[in-house]
1. On the given criteria, is residue 48 exposed (fewer than 14 other Cβ atoms within 10 Å of the Cβ), touching a residue at least 24 places away in the same chain (Cβ under 8 Å) and either assigned to a helix (DSSP H, G or I) or not assigned by TED's automatic domain parsing to the domain that holds residue 139 (or both)?
2. For the list (1) assigned to a strand (DSSP E or B); (2) touching a Cys at 6+ places or on another chain (Cβ under 9 Å); (3) surrounded by 17 or more Cβ atoms within 10 Å (Cβ to Cβ); (4) not charged (D, E, K, R), I need the number of the one condition that residue 178 fails.
3. Wholly within segment 209-320, which strands (runs of 3 or more DSSP E) include no fewer than the required count, namely at least 2 residues that are in contact (Cβ under 8 Å) with a residue 12 or more places away in the chain and among the charged types (D, E, K, R)?
4. Of the numbered conditions (1) part of a loop (DSSP other than H, G, I, E, B); (2) crowded, with 19+ Cβ neighbours inside 10 Å; (3) touching a strand residue (DSSP E or B) at 6+ places or on another chain (Cβ under 6 Å), residue 185 satisfies every one except a single condition; which is it?
5. Name the pairs: first residue in segment 57-84 and on the phi > 0 side of the Ramachandran plot, second residue small (Gly, Ala, Ser) and in a loop (DSSP other than H, G, I, E, B), Cβ to Cβ under 8 Å, at least 6 apart or on different chains?
6. So which of 257, 284 ends up being more than 29 Å from residue 198 (Cβ to Cβ) and surrounded by 17 or more Cβ atoms within 10 Å (Cβ to Cβ)?
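The values are calculated or read from the model by the stated rules, or taken from the named source; none is laboratory data. Given the structure is predicted, the values throughout are model-derived calculations rather than measurements. No Cβ is skipped: glycine too gets one built from the backbone with ideal geometry, and neighbour counts run over all protein chains shown.
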Amino acid sequence: MTNYTHWFIRARLKTRQLLLLVAIAEEGNIHRAAEVLNMTQPAASKLLKDLEDVLDVSLFDRLPRGMRATWYGEAMIRHARVALASLNQAHDEVQALKAGRFGQVSVGAITTPGIMLLPHAVSLVKQAHPTLRVSLQVETSDVLMERMAQGKIDMLVARLFAQHDKTALRYEALAEEPAVAVVRPGHPLLGVDNLSLRDLSHRSWIVPPEGSVLRHRFDLMFREEGLDAPVDLIETAALLFVTKMIGEGDAVGLMAGDVGRYYAEHGIVAVLPIELPCRMDAFGLITRTDRALSPAAKVMLAALKRAAAEVYGVTLEAAA
């Protein structure tokens with residue numbers, strides 16, 4: 001028999017205390033946090049003091065113009081976000097079941113698998129469970145990792161970098177991601193024989209923003225060839241803008257290989273006949289080992305693994 005002796009039961013932890021922690025972190029001021037939660041400031045101050053007394057730590061530094069979370073506070077806020085997100089998901093799942101739906105799942109992906117893998121996986125899910133609600137977010141790996149840590153996403157197809165906290169994460173590699181150079185259809189460079197990096201070094205380029213891995217490797221590939229990196233640059237991660245600019249001018253765009261080929265198949269761009277010595281790190285399927293997946297999430301995970309075998313030829317361990 002389970003022994004329910006958790007500290008938060010003994011402390012009679014209230015949901016409003018978790019909401020208050022998050023609100024103070026976001027508002028930076030207990031007065032505004034109280035207003036957001038529709039409570040008086042004295043009531044909010046008492047809720048916070050009660051929690052600090054139970055934990056025997058100070059959760060916020062009281063500053064002349066607001067409040068700043070201490071290390072203890074940052075830990076509690078992080079877990080409060082996860083707990084509240086989990087409660088929201090529980091409510092949504094119950095409402096979905098009441099309405100006769102199978103449930104819901106939230107999936108995050110970077111652009112390449114968002115185009116190549118997720119449509120196939122979602123189709124597999126919908127064939128078997130038409131009422132299962134799927135929410136898809138396409139963002140950078142950093143953004144997706146943060147949302148998963150907050151409990152807002154069930155699983156990811158993304159990259160793990162050195163700065164990411166890998167505690168309680170399971171990573172299953174899927175594929176590497178070479179880059180390609182793309183131009184508008186009919187661009188003069190498409191007719192150049194034996195196209196080289198030297199031919200591209202003085203061109204106008206549309207590249208990912210400064211600080212991204214692909215941008216760093218873009219600069220590096222020219223230097224390794226003894227060339228100056230291009231200086232006529234437009235920096236953006238917005239693919240709609242990139243394809244529009246390429247279609248209206250002579251700029252060269254840097255894209256992930258599968259993304260570039262996808263747009264080329266639809267006649268939006270053309271891939272230049274040059275193999276770039278520039279590639280991203282491998283991406284993979286990322287799940288958490290410290291949270292139980294809902295039935296809907298298990299269905300989605302199985303579909304992703306089945307789709308990965310067909311798209312990338314990678315056989316992953318079957319989802320439990």
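1. Against the criterion (exposed (fewer than 14 other Cβ atoms within 10 Å of the Cβ), touching a residue at least 24 places away in the same chain (Cβ under 8 Å) and either assigned to a helix (DSSP H, G or I) or not assigned by TED's automatic domain parsing to the domain that holds residue 139 (or both)), residue 48 does not qualify.
2. (3)
3. Numbers: elements: 233-235, 252-256, 279-288.
Here the list reads 279-288.
4. Every listed condition holds for residue 185 apart from (2).
5. Qualifying pairs under 8 Å: 66/28.
6. Numbers: 257 fails: more than 29 Å from residue 198 (Cβ to Cβ).
Of the residues listed, the single one that is more than 29 Å from residue 198 (Cβ to Cβ) and surrounded by 17 or more Cβ atoms within 10 Å (Cβ to Cβ) is 284.
Listed here are the residues, each with its yes/no results for (1) in a helix (DSSP H, G or I); (2) among the charged types (D, E, K, R); (3) at pLDDT below 90.
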position: 74; (1), (2), (3): yes, yes, no
position: 77; (1), (2), (3): yes, no, no
position: 100; (1), (2), (3): no, no, yes
position: 113; (1), (2), (3): yes, no, no
position: 122; (1), (2), (3): yes, no, no
position: 125; (1), (2), (3): yes, no, no
position: 131; (1), (2), (3): no, no, yes
